[in-house]
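Okay, so here's the structure we're looking at.
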Amino acid sequence: MDFRTKLAKRITSLPPYLFARIDEKKREALSRGVDLINLGIGDPDSPTLEPIVLSGQTALSKPEHHQYPSYEGMLSFRKAVADWYLRRFSVTLDPSTEVVGLIGSKEGIGHLPLAFVEPGDAVLIPEPGYPVYHAGTLFAGGESYFMPILESNGFLPDLDRIPESVLKRAKILFINYPNNPTGATATDDFFRRVIEFATRWGIIVAHDAAYSEIYYDGKAPRSFLSYPGAKEIGIEFHSLSKTYNMTGWRVGFAVGNPQVLSGLLKVKSNMDSGIFQALQEASITALTLPEPMLDNLRALYQKRRDVLVPGLNSVGLRAFSPGASFYLWAGLPKGITSEQATLALLDKTGIVATPGNGFGPSGEGYVRFALTVGTDRLSEAIGRIRTHRLFEV
Ligand SMILES: *Cc1c(COP(=O)(O)O)cnc(C)c1O
């Protein structure tokens, strides 16, 4: 009998893993003893803020947290989320119907299409963008319609370019600001147009706000839900991962429209059993931390940004100064592809960066750098690029 391990189409039709070659080169360089400067991954380099760890330690030893948690999250956790939303965004949320805990926001983003998308339905997805919007759509049997987010349009999608035939079948519109990979933030006007557009066509808006707290120059981004009419058509995803250096803990949440959240919860209650309660206790501590602790973190990223942006611009790249997020999106000189640039960076300078086209075809001609190493290493990186004249044409 054949061992029937042929992979399902939903797996084989996933886009090729474009980072695989970079990973291989990275391992090769490491084994040669190259002093790598890793600006590739979006994972904070500092440990989780200490009060959160201490709170998690205490909660861990309480037997009442050792049993199955509730699917939607403890009420105390959902209340902490609602309180944070009111303090931070002046948005009122009902913790019993308008907040759902997630095992990292990736989990919720990936599961959302399963609740609403039928074969033949379309999902509107920004490109270049976070790969999970497409993977979740594919797993649900839906069709991804990619909306280019271009430099010429401030890295915002042009909603007017989406054909009516697609809009008639569209169920979900994913947007993501502050944006990964470009570091762009949305304008008030854009969010208002999204609400008007989605209301007109009856499309669910899923706004991914994973980077809302990593902002610069004191300019805190607004919540999508703070605009009139947003809660009638949309939800917002948040994550504790980037804000509190908690990527390994896997805690996020979705807030907003109760019908949409209840659909998401129907999927989740069949697939997972909620967030470990000790982590929810620690997350309550995170959400109630005094704001100055986060100001320190933002100041750290800002110092790095202010080294890397002018540095890259002085060696032949066109780096965009992010309004938020810890990514720098940089345009390459004409004639150099994303892959050539990333391979040259790795081979000649030991710098790991992410090829822009790995996030979608419109990312071709760009490279993404993450601000996840100290300023001394960033200066070192600039020095190496200058020495090797990588981008001087
Ligand atoms: C990191 C990231 C997430 C997910 O983070 P979780 O750790 O799963 O909460 C979601 N969206 C974007 C754009 C991200 O970069």
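If you filter region 233-252 down to residues that are within 21 Å of Ile172 (Cα to Cα) and more than 13 Å from the chain's Cα centre (by Cα), you find that the one that is nearest to the ligand (Cβ to nearest atom) is Ile235.
Residues of region 210-221 being within 16 Å of the ligand (Cβ to nearest atom) and surrounded by fewer than 21 Cβ atoms within 10 Å (Cβ to Cβ), which ones? If the condition is that a residue be within 16 Å of the ligand (Cβ to nearest atom) and surrounded by fewer than 21 Cβ atoms within 10 Å (Cβ to Cβ), then Tyr215, Pro221 are the ones that fit. Selection within region 121-143: residues that are touching a residue at least 40 places away in the same chain (Cβ under 8 Å) and either outside the structural domain of Ala198 (by TED's automatic domain parsing) or among the hydroxyl-bearing types (Ser, Thr, Tyr) (or both). The member of this set that is farthest from Pro163 (Cα to Cα) is Tyr130.
Scanning region 1-46 for residues that are of a type outside the set (Phe, Trp, Tyr) and within 16 Å of the ligand (Cβ to nearest atom) turns up Leu39, Gly40, Ile41, Gly42, Asp43, Pro44, Asp45, Ser46. Counting residues in region 76-87 that are assigned by TED's automatic domain parsing to the domain that holds Glu364, within 16 Å of the ligand (Cβ to nearest atom) and in contact with a strand residue (DSSP E or B) (Cβ under 9 Å, 6 or more places away or on another chain) gives zero. Kindly check whether there is at least one residue in region 27-43 that is surrounded by 11 or more Cβ atoms within 10 Å (Cβ to Cβ), among the polar types (S, T, N, Q) and within 30 Å of His134 (Cα to Cα). For region 27-43, residues surrounded by 11 or more Cβ atoms within 10 Å (Cβ to Cβ), among the polar types (S, T, N, Q) and within 30 Å of His134 (Cα to Cα): present. The numbered conditions (1) under 26 Å from Ile275 (Cα atoms); (2) out of contact with any Asp or Glu (no Cβ under 6 Å at 6 or more places or on another chain); (3) crowded, with 20+ Cβ neighbours inside 10 Å are all true for Val100 except (2). Inspect region 222-239 for any residue being out of contact with any helix residue (DSSP H, G or I) (no Cβ under 9 Å at 6 or more places or on another chain) and surrounded by fewer than 22 Cβ atoms within 10 Å (Cβ to Cβ) and give the result as yes or no. Within region 222-239, none of the residues are out of contact with any helix residue (DSSP H, G or I) (no Cβ under 9 Å at 6 or more places or on another chain) and surrounded by fewer than 22 Cβ atoms within 10 Å (Cβ to Cβ). Within region 143-181, the set of residues being out of contact with any Asp or Glu (no Cβ under 8 Å at 6 or more places or on another chain), farther than 18 Å from Arg192 by Cβ and of a type in the set (D, E, K, R) comprises Glu151, Arg161, Glu164, Lys168. On the basis of being buried (at least 20 other Cβ atoms within 10 Å of the Cβ) and under 23 Å from Val260 (Cα atoms), does Thr137 make the cut? In short, yes. Screening Leu265, Leu294, Leu225 for residues that are away from the ligand (no atom under 16 Å from the Cβ) and modelled with pLDDT under 95 leaves exactly one candidate, Leu294.
Does Ala59 satisfy the criteria of being surrounded by 13 or more Cβ atoms within 10 Å (Cβ to Cβ), modelled with pLDDT under 95 and of a type outside the set (Lys, Arg)?
Against the criterion (surrounded by 13 or more Cβ atoms within 10 Å (Cβ to Cβ), modelled with pLDDT under 95 and of a type outside the set (Lys, Arg)), Ala59 does not qualify.
Of the residues making up region 273-297, those that are in a helix (DSSP H, G or I), of a type outside the set (S, T, N, Q) and surrounded by fewer than 17 Cβ atoms within 10 Å (Cβ to Cβ) are Glu291, Pro292, Met293, Asp295.
The values are calculated or read from the model by the stated rules, or taken from the named source; none is laboratory data. Just so you know, these numbers come straight off a predicted model, no measurement behind them. Neighbour counts are summed over all protein chains in view; Cβ atoms, including those assigned to glycine, are modelled from backbone coordinates with ideal geometry.
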